[in-house]
Amino acid sequence: MLSFQHDGECGFEGIWTGITSAKGFDATLLDVPKNASHWVRYTTGATAALALNETLSGGTSLKTCTLIAKATENGTAGSTDSGIIFVAGCSGAFQAETLTGGSSTGTVAILQDFIPILTWTPPKAALITVETAAIKFALSGLLATATSGANYIHQMDAGQSYVIRGYHNIKKFKCINAVASNGAIVKYSLFY
């Protein structure tokens, strides 16, 4: 049974898939832009990479907002990427829909309305769970390599979880698939 005890509120949750090079937390999640008011997860980034400070328009709701920042977790921006977008100036409620950038013409799909940002302070803890296939991870800044590499770091197998405490440990966290192309999937929750 998983028990996570911490005096913080969950601020953001995410997923890393297809981990073939070391993954860590995007700088935007560690230092949330003060001018962002809301966030939401996105998928299927396409056409072009969204441009910061451009207006995003909902294809169904017809609501608008301004893109403040973007944390790309998987893929390459503008080419079926996924991650988290941070916005401000929402003109109303969005829904599960495609957002299109006013100047970039890039698109992303969201599954729900934007979520208010709870705090702009750095994270205090992170819950990491391995959903599929083993990973190797480091907290000190040591290079995260697969088992066939230096093999100096910790291993987590599918179904295991780990709590990282402390901002600097979270900032330096890196993980990689334990075996090349093993299909590792890692999920996280950041607590503030």
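Here are the numbers for the structure shown:
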quantity: Y192 vs. criteria touching an Asp or Glu at 6+ places or on another chain (Cβ under 9 Å), aromatic (F, W, Y), surrounded by 14 or more Cβ atoms within 10 Å (Cβ to Cβ) and over 17 Å from S21 (Cβ atoms); calculated: yes
quantity: Among residues of segment 16-35, those that are more than 19 Å from A146 (Cα to Cα) and either within 11 Å of the chain's Cα centre (by Cα) or surrounded by 19 or more Cβ atoms within 10 Å (Cβ to Cβ) (or both), counted; calculated: 6
quantity: Residue selected from segment 117-146 under the condition surrounded by 16 or more Cβ atoms within 10 Å (Cβ to Cβ) and hydroxyl-bearing (S, T, Y), by the criterion modelled with the lowest pLDDT; calculated: T145
quantity: Single match in I110, I128 (criterion: outside the structural domain of W39 (by TED's automatic domain parsing), under 19 Å from the mean Cα position of the chain (by Cα) and aliphatic (A, V, I, L, M)); calculated: I128
quantity: Hits in segment 4-46 (condition: part of a loop (DSSP other than H, G, I, E, B), within 22 Å of L99 (Cα to Cα) and polar (S, T, N, Q)); calculated: N35, S37
quantity: Hey, N169 surrounded by fewer than 18 Cβ atoms within 10 Å (Cβ to Cβ), modelled with pLDDT of 90 or more and of a type outside the set (F, W, Y) or not; calculated: yes
quantity: Qualifying position, being out of contact with any Ser or Thr (no Cβ under 8 Å at 6 or more places or on another chain) and hydrophobic (A, V, I, L, M, F, W, C), among I153, I85; calculated: I85
quantity: S82 closer than 26 Å to K172 by Cβ and surrounded by fewer than 17 Cβ atoms within 10 Å (Cβ to Cβ); calculated: no
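The values are calculated or read from the model by the stated rules, or taken from the named source; none is laboratory data. For clarity, every value in this text was computed on a predicted model and none was experimentally measured. Note: ideal-geometry Cβ built from the backbone for every residue, glycine included; neighbour counts use all protein chains shown.
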